[in-house]
Amino acid sequence: QVQLVESGGGLVQPGGSLGLSCAASGNIFSNYYMGWYRQAPGKQRELVAVISSGGSTNYVYSVKGRFTISRDNTKNTVYLQMNSLKFEDTAVYYCSLGPTEFGVFKWGQGTQVTVSS
């Protein structure tokens, strides 16, 4: 059974930085996408960033230039480095795993990121 275990998150001031990580375990195919979604209160879950097994990336426009997604295939782990954080980045961040760029078959448990002064 596939599991995603997230770590990181927390409280940070505007302009600060925070890093998230997510480790996948279980029966995982070699070619898969990992990504990060987020959901703010009262809003729909949205894709933040996604990365293929080969390292191709895609970001939502609002985080381009501020967030960086990366992965270590030897550890089945995906990372999200978040810089220049803004109030509007506050949300629960979910790790994702799937066979295509926008297809998700497994979610992490979610981790809270709060940007506040």
Next item on the list: State the Cα centre-to-centre distance between the range 1-46 and the range 48-114 in whole Å.
Entry: 6 Å
Note to self: Under a crude label model (7 Å from the Cα following the beta-carbon direction), how far is Thr114 from Glu46 in nanometres?
What the structure shows: 2.2 nm
Item checked: Rg followed by Dmax, in Å, when the range 59-117 is reduced to its Cα trace -> 12.7, 39
Next item on the list: At 1.4 Å probe size, with every protein chain present, just tell me what the per residue accessible area of the range 34-117 comes to in Å².
Entry: 51 Å²
Notebook entry, point to check: Using the beta-carbon distance between Ser17 and Ser53 and R0 = 22 Å, what value does 1/(1 + (r/R0)^6) give for FRET efficiency, to the nearest 0.05?
Noted result: 0.25
Check: Once you charge only the Cβ atoms, +1 for Lys and Arg and -1 for Asp and Glu, what is the size of the charge dipole of the chain about its Cα centre, to the nearest 20 debye?
Finding: 60 debye
Checklist line | Cα-based Rg and Dmax for the chain, where Dmax is the largest Cα-Cα distance (Å) | finding: 13.3, 42
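The values are calculated or read from the model by the stated rules, or taken from the named source; none is laboratory data. Bear in mind the structure is a predicted one, so any value in this text is a computation, not a measurement. All Cβ positions, glycine included, derive from the backbone under ideal geometry; neighbour counts span all protein chains shown. Protein only, heavy atoms only, side chains kept; ligands, DNA and RNA dropped before computing areas. Shrake-Rupley method; radii C 1.70, N 1.55, O 1.52, S 1.80 Å.
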